[in-house]
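Q: Please read through the structure below; I'll follow up with questions.
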Amino acid sequence: FLYLVHHPDVVSNMQKEIDNIIGKNRLPTMEDRPSLPYCQAVIYEVLRMASVSSGAPAHVLSADIEVNGYTLPKDAWLIPGLSTINWDPSIHTEPEKFNPGRFINDEGQLFGYEKVYTSFFIGPRTCLGQSLAMIEMFLIITSVVQKYDIGNEPGNPLVSLEGIYKGVHIPSPYNLCLKNRL
């Protein structure tokens, strides 16, 4: 929710999409997910910007491989830098900018989001809870955004998005203000 506090325009766009598709008389369900591409794009952009982990489990190379002119020997440990992928300008234009629109094509459809699945690791070591986590994030975030305006706690400065790194990324403690919008 910290990224939403920093980007009230994004919250407003999510609310418009939710109001147009679902209305205000029922909560979002998983059946609504395909009809809410902007809301999904916001979740993907938060995952891209604020991966919990910057790395993935190490892989041991089963053979020598060459990467960009460098030979990596068999039995070398390879540790993927997942946050590096999420912030790579050759993959994401203006990676330092919070922009859910990067995952919406000209037809208004979701695309390119598979690039951020690195937040859950990749390959055979991918997180077993990925599907459940995505379902929970969608339902919780869209339900809160539907019912409340989200803002910074009055009288307090915005908390930095930097957070703390202790093996995993931990956001700095913050309070937010929820105002009933229904």
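Q: Between rounded, prolate and oblate, where does the chain land on the alpha carbon gyration tensor, with a ≥ b ≥ c its root eigenvalues, rounded for a/c under 1.5, else prolate if a/b exceeds b/c?
A: prolate
Q: Hey, what angle do you get for helix 130-147 against the long axis of the chain, alpha-carbon based, 0 to 90 degrees rounded to 10?
A: Computed tilt is about 20 degrees.
Q: Could you please state, rounded to a whole Å, how far the C-alpha centre of the stretch 55-101 is from the C-alpha centre of the stretch 128-147?
A: Between the Cα centres of the stretch 55-101 and the stretch 128-147 lies a distance of 28 Å.
Q: Under 19 Å between C-alpha atoms is the cut-off here; go through the chain and count lysine pairs that meet it, provided they're at least eight residues apart or on different chains.
A: Numbers: Lys16/Lys24; Lys16/Lys147; Lys16/Lys179; Lys24/Lys147; Lys24/Lys179; Lys97/Lys115; Lys147/Lys179.
Qualifying lysine pairs in the chain: 7.
Q: Between Gly69, Gly81, Gly163, which gets the highest mean-square fluctuation from a Gaussian network model of the chain, Cα cutoff 10 Å?
A: Gly69
Q: Among Asp64, Asp149, Asp106, which comes first, second and so on when ranked by fewest other beta-carbon atoms within 10 Å?
A: Listing Asp64, Asp149, Asp106 from fewest to most nearby Cβ atoms yields Asp106, Asp64, Asp149.
Q: Could I ask something else about it? Can you pull out the trypsin sites (Lys or Arg not before Pro) in the stretch 1-96 that DSSP calls coil and that have at most 14 other Cβ atoms within 10 Å?
A: For trypsin sites (Lys or Arg not before Pro) across the stretch 1-96 that sit outside H, G, I, E and B with at most 14 neighbouring Cβ atoms in 10 Å, the list reads Lys24, Arg26, Lys74.
Q: Choose one of Leu82, Gln109, Gln146: the residue whose Cα lies farthest towards the positive end of the charge dipole of the chain (beta-carbon charges +1 Lys, Arg; -1 Asp, Glu; about the Cα centre).
A: Gln146
Q: Additional query: Would you work out which of Ile18, Gln130, Ser35 lies farthest towards the positive end of the dipole of the chain? Charges go on Cβ: Lys and Arg +1, Asp and Glu -1.
A: Ile18
Q: Now for a different question. Please list the radius of gyration and Dmax for the stretch 1-97, considering alpha-carbon atoms only, with Å as the unit.
A: Using the Cα atoms of the stretch 1-97, the pair Rg, Dmax is 19.5, 60 Å.
Q: Per residue of the chain, what 222 nm ellipticity follows from adding -39500 (n - 2.57) for every DSSP H run with n ≥ 4, rounded to the nearest 500? Could the numbers behind the result be given before it?
A: Working: 5 runs with 55 residues, N = 182.
Rounded to the nearest 500, it is -9000 deg cm²/dmol.
Q: Provide Met14, Met49, Met30 in ascending order of the number of other Cβ atoms located within 10 Å of each residue's Cβ, fewest first.
A: Met30, Met49, Met14
Q: To test your reading of the geometry: what angle, between 0 and 90 degrees and rounded to tens, separates the Cα axis of helix 37-49 from the longest principal axis of the chain?
A: 50
Each value in this text was obtained by applying a stated rule to the coordinates, not by laboratory testing. All of these numbers come straight from a predicted model, not from anything done at the bench. Cβ coordinates were reconstructed from backbone atoms using ideal geometry, including for glycine residues, and neighbour counts include every protein chain displayed.
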